[in-house]
1. Straight distance only, please: which aspartates and glutamates reach the Cα of Lys135 with their own Cα at less than 20 Å, same-chain residues fewer than 8 apart left out?
2. Over the chain, what is the mean sequence separation of C-alpha contacts under 8 Å (at least six apart), divided by residue count, expressed as relative contact order in percent?
3. Where in the range 21-55 does the label zone of Leu116 land, with the point 7 angstrom along Cα→C-beta and an amide N cut-off under 18 Å?
4. Using just the helices of the chain, give the 222 nm mean residue ellipticity in deg cm²/dmol: DSSP H runs with n ≥ 4 each add -39,500 (n - 2.57), and the total is spread over all residues, rounded to 500.
5. Within the range 91-120, which residues have the backbone N less than 17 Å from the label spot 7 Å out from Lys27 along Cα→beta-carbon, could you tell me?
6. With every protein chain in place, what's the accessible area of Leu136 (1.4 Å probe, Å², nearest 10)?
7. Could you pull out which residues in the range 66-83 have an amide N less than 15 Å from a spot 7 Å beyond the Cα of Ala106, following the Cα-Cβ vector?
8. For the ranges 55-63, 41-49, what's the packing order if you count other beta-carbon atoms within 10 Å of each residue, average per peptide, and put the highest first?
Amino acid sequence: MPKVILSLLAASLVMLGQEDEIRKAEKAWAAAVVAGDRAALDRILAGQLIYAHSTGVIETKSEYAGRLRAGKQKYEAIEHEKLEVRVYGGAAVAHAHVRMRGRSDARPFNDRLMMLHLWVRQDGRWQLAAHQTTKLE
């Protein structure tokens, strides 16, 4: 097989492996948020996180983590209905349709959302650098 074809095949396998890593990172993020696992979230969320809720509220990592700690934001479920991943070197975009259920400022929510995540490779692991949701229903 020519070297060019082997190189392309190897690059494709690396990209598929990274896509799988992002899919696992998405599931780890959702599980940590639902469980309120502060240690996991601290590892998953990038220090310069931009967290934009479907309501238009934008929070930093410390603001978002603080709301979770205080119980002002509580997720009962985050279910990915559809997930597409694109990897660009040390960054990746995850685009999903999700169902999120829980409470925000004591008000219940049960939203079907379009979600966009930007993942960056830092300190040898993928971290969530940006979150944006838009209500679909």
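The values are calculated or read from the model by the stated rules, or taken from the named source; none is laboratory data. Keep in mind the model is a prediction, meaning the values are calculated, not measured. Here the Cβ is made from the backbone with ideal geometry for all residues, glycine too, and neighbour counts use every protein chain on show. Note: accessible area is taken over every heavy atom of the protein model, side chains too, but ligands, DNA and RNA are not part of it. Shrake-Rupley method; radii C 1.70, N 1.55, O 1.52, S 1.80 Å.
1. Of all the aspartates and glutamates, those that pass the test against Lys135 - Cα under 20 Å, at least 8 places apart if same chain - are Glu26, Glu59, Glu76, Glu79, Glu81, Glu84, Asp105, Asp111.
2. With pairs under 8 Å counted, the relative contact order is 22 percent.
3. Backbone N within reach: 49-55.
4. Computed mean residue ellipticity for the chain: -12000 deg cm²/dmol.
5. The answer is 94-99, whose backbone nitrogens lie closer than 17 Å to the label point.
6. Its heavy atoms expose roughly 70 Å² to the probe.
7. Label zone hits: 71-74.
8. Put in order of decreasing packing, that is 41-49, 55-63.
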